[in-house]
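One structure below.
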Amino acid sequence: KILILDFGSQYTQLIARRVRETSVYCELHPYDISPQFIKDYDPKGIILSGGPASVTEDETPRAPQIVFELGIPVLGICYGMQTMAAQLGGTVETARIREFGYAEVSTATDGSLLQNIQDRTNTKGQNILDVWMSHGDKIVTLPPGFKIMAYNTATPIAAMADETRQFYGIQFHPEVTHTLQGKAIIEHFVHDICNIDYSWNMPNYAEEAIGKIRSAVGNDKVILGLSGGVDSSVAAALIHRAIGKQLTCVFVDNGLLRLNEAKQVMDIFTRNLDVTVTQVDASHEFFKYLQGVSDPETKRRIIGREFVEVFQRESAKITDAKWLAQGTIYPDVIESAGSKTNKAHTIKSHHNVGGLPETLHLQLLEPLRELFKDEVRELGLALGLPREMVFRHPFPGPGLGVRILGEVKHEYAELLRQADAIFIEELHLSGWYEKTSQAFAVFLPVKSVGVMGDGRTYDYVVALRAVQTQDFMTANWAELPYSLLSKVSNRIINEVRGINRVVYDISGKPPATIEWE
Ligand code: XMP
């Protein structure tokens, strides 16, 4: 396995993704993790990530010395390369010309790191790589023992290697897809240089995870809050495969779910998979507490608090349960580890099934903690969950509660559910569902005048939202075809009595957010 030390680059998660894609297990940890941890982890290779700091300044992050003492291959990327150079006796300076974005580098033919990896040959017969750079500092003298492996005019040392000690550095970012041969470079490092087999795959992982769950849990009972989302669903399927009827899922219907969602979830889990699920219809309670409340953050807090209330009440009925299972996935783990130092503003207080309180006095079981989202999906398929569930767009914890602007009323939720279902159905039929990352309808509690037949209407408005995004941190609105929008609009206005106007949201994130509240 590979260890990735994180120096704070925006792309560190991508490095981990790329390594996993080569079927090798890796973990990502902060650069200042203890030397003992590194020893115990027993990596076959270490990757030092990029980062925002400058090694030309004092007190900036350095790799733990042990990294260079274990006798295993080390690959430094961008800042990781610079700190490697500085720590091993080279020099780094702030460059006069910063390099940002696309660049070409020529590669040396007498080194193993980039050997046989090239995009093309130029007129002088040099091997050329198309890469993506993002740096202000550069290495000006090599540390003893190193040779240049790639160069261009702006960055004479764009890659370096000490083949004897197996230390490698690259200034550009192989983890981003703009570096076309990036995957090949990482694969070469992991398989050929570190000598790791292709051992990380879903069937193996599932088998191992099932074994671990069995030995941790023994004969104890486990409770899991099932939301119908991908993560909790896959966790439920996996744990059920491991311990069968010792698992009870609690599925809280808060009245803010999508059309037929509760029935679909119950069908898949109780009928197809024979999982024990307690369905709790708590919609009355949720609507009662939401009555008269229109502030988005207050609504979010009420929905979150009510969920915990109901969940606690229901789980108390499952006597002698010892474990609480959650669908926490690797990005959640990394984010909450980072959030101790993260001073970012709270735009929205998120509510997840994952956020249950410690007062439940249960031990946590989080079998997806090591997986990225697409790995979770792959595992879900391997466990027999239907594709529609595994590839469903994300749905926020507070559900339609944040898609009904202002006060949440039962009547509004009914209208929104119908409109939303029509939109999603048409996206599926037109092949646009897979081309968008998230799409939904939003209920606007304003009335506008319309004309239907010969009569005047005075009804509510629905907004359609469809976005494309990699990480949900930034997003573009989807350029859906006019013909599709037109069809959706016609159907909603004709089929949903109470809606007489449909608008399309053309705001990006930022400055808007994906959800309206
Ligand atoms: P925003 O609206 O902040 O949403 O651009 C980004 C992504 O997060 C989802 N979202 C939530 N997910 N609990 C969740 O589990 C929440 O409270 C929550 N609020 C927003 C949103 O659907 C989008 O995918």
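Note on segment 286-315: among residues that are under 16 Å from Ser227 (Cα atoms) and of a type in the set (A, V, I, L, M, F, W, C), the one that is surrounded by the fewest Cβ atoms within 10 Å (Cβ to Cβ) is Val308. Within segment 487-506, the presence of a residue that is closer than 13 Å to Tyr433 by Cα and free of Cβ contacts under 8 Å to residues at least 24 places away in the same chain is excluded.
Taken over segment 447-475, residues that are exposed (fewer than 13 other Cβ atoms within 10 Å of the Cβ) and either β-branched (Val, Ile, Thr) or within 16 Å of the ligand (Cβ to nearest atom) (or both) amount to 6. The residues of segment 423-440 that are closer than 12 Å to Val467 by Cα and either assigned to a helix (DSSP H, G or I) or out of contact with any Ser or Thr (no Cβ under 6 Å at 6 or more places or on another chain) (or both), listed by number, are Trp432, Tyr433, Glu434, Lys435, Thr436, Gln438, Ala439, Phe440. Looking only at segment 476-517, which residues are over 30 Å from Val451 (Cβ atoms) and within 12 Å of the ligand (Cβ to nearest atom)? Gly508, Lys509, Pro510, Pro511, Ala512, Thr513, Ile514, Glu515, Glu517 - these are the residues of segment 476-517 that are over 30 Å from Val451 (Cβ atoms) and within 12 Å of the ligand (Cβ to nearest atom). Return yes or no: is Arg62 basic (Lys, Arg), assigned to a loop (DSSP other than H, G, I, E, B) and in the same structural domain as Ala184 (by TED's automatic domain parsing)? Spelling it out, Arg62 is indeed basic (Lys, Arg), assigned to a loop (DSSP other than H, G, I, E, B) and in the same structural domain as Ala184 (by TED's automatic domain parsing). If I ask for residues that are surrounded by 17 or more Cβ atoms within 10 Å (Cβ to Cβ), at pLDDT 75 or above and within 16 Å of the ligand (Cβ to nearest atom), which ones from segment 334-364 would you list? Within segment 334-364, no residue meets the criteria. The set of residues in segment 365-379 being crowded, with 18+ Cβ neighbours inside 10 Å and part of a helix (DSSP H, G or I) consists of Glu375, Val376, Arg377, Glu378, Leu379. Close contacts from segment 294-322, counting a first residue that is hydroxyl-bearing (Ser, Thr, Tyr) and a second that is buried (at least 18 other Cβ atoms within 10 Å of the Cβ), with Cβ to Cβ under 7 Å and a gap of 6+ residues or different chains, come to Ser315/Ile223; Ser315/Val250; Ser315/Ala321.
Of all residues in segment 138-153, none satisfies being crowded, with 16+ Cβ neighbours inside 10 Å, aromatic (Phe, Trp, Tyr), in contact with a helix residue (DSSP H, G or I) (Cβ under 7 Å, 6 or more places away or on another chain) and in the same structural domain as Asn116 (by TED's automatic domain parsing).
The values are calculated or read from the model by the stated rules, or taken from the named source; none is laboratory data. Values in this document were obtained by computation on a predicted structure and should not be read as measured data. Quick reminder, even Gly has a Cβ in these numbers, built from the backbone with ideal geometry, and neighbours come from all protein chains shown.
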